[in-house]
1. In a Gaussian network model over the chain where Cα atoms closer than 10 Å are linked, find which of Val61, Val48, Val20 has the largest mean-square fluctuation.
2. Computed FRET efficiency, Cβ-Cβ of Leu56 and Arg28, R0 35 Å: what is it to the nearest 0.05?
3. With the cut-off at 1.5 for a/c, could you classify the range 58-108 from its C-alpha gyration tensor as rounded, prolate or oblate?
4. Is the range 29-83 best put as rounded, prolate or oblate by its Cα gyration tensor, with a ≥ b ≥ c the root eigenvalues, rounded for a/c under 1.5, and otherwise prolate when a/b is larger than b/c, oblate when not?
5. Set the Förster radius R0 to 22 Å, insert the Cβ-Cβ distance between Met106 and Phe47 as r into 1/(1 + (r/R0)^6), and round the FRET efficiency to 0.05.
6. Taking the Cα atoms only, what angle lies between the long axis of helix 119-130 and the longest principal axis of the chain, rounded to 10 degrees?
7. Take every Cα pair under 8 Å in the range 5-55 that's 6+ residues apart, average their separations, divide by the length, and report that relative contact order as a whole percent.
8. Nearest 500 deg cm²/dmol is fine: what mean residue ellipticity at 222 nm does the chain get from its DSSP H runs of n ≥ 4 alone, each adding -39,500 (n - 2.57), divided by its residue count?
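The values are calculated or read from the model by the stated rules, or taken from the named source; none is laboratory data. Keep in mind that what you see is a predicted model, and the values were worked out from it rather than measured. Cβ: placed from backbone, ideal geometry, glycine included. Neighbour counts: every protein chain shown. Surface accessibility is based on the protein's heavy atoms, side chains included, excluding ligands, DNA and RNA. Shrake-Rupley method; radii C 1.70, N 1.55, O 1.52, S 1.80 Å.
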Amino acid sequence: MYLIWLRVALVLYGASSIAVIPDVFSGRHRWRKLVLPACVTAAFFHFVALAEMLNLAHHWVPASLHEVETSFALLLAIAFLAIYWRYRAISLGLFALPLIFLLLLMPAAGPDHAPLSGEGMRNGWILLHIV
């Protein structure tokens, strides 16, 4: 069930990362009416998906690569929303929202329950550095 919530969050983050571009570069703030509600809703679904993911794995500390990516993306989303709330600076969204979207692509594709150690970790890092 968590994959559904994660995919909903992924779509909302994608819409936010596209809508933030005209908001920042045009100077008109009407796109903000789409960016902020979509981002807040995505963060909510993201949190629900992460809680379900960790509950199904029977632990509360991220242990697999998908869990770590999902946790880091949620922390980025919370940091972006906190910075916007404090300073009203949406320009951070040009960097943060596409990064959150890209971090959630792999976890939203399907379940992964391999731990973050051993040969799989080394192969993943090699692949990441090649890319």
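1. Val61
2. Working: r = 43 Å, r/R0 = 1.23.
E(calc), rounded to 0.05, equals 0.20.
3. Numbers: a/c = 4.65, a/b = 1.87, b/c = 2.48.
Since a/c reaches 1.5 but b/c is at least a/b, the shape of the range 58-108 is classed as oblate.
4. Working: a/c = 3.61, a/b = 2.42, b/c = 1.49.
It comes out prolate by the Cα gyration axes.
5. Values: r = 18 Å, r/R0 = 0.84.
In this case the efficiency is close to 0.75.
6. 40 degrees
7. Numbers: 44 pairs, mean separation 25.1, N = 51.
Worked out over the range 5-55, it gives 49 percent.
8. Details: 5 runs with 102 residues, N = 131.
Helix contribution divided over all residues of the chain: -27000 deg cm²/dmol.
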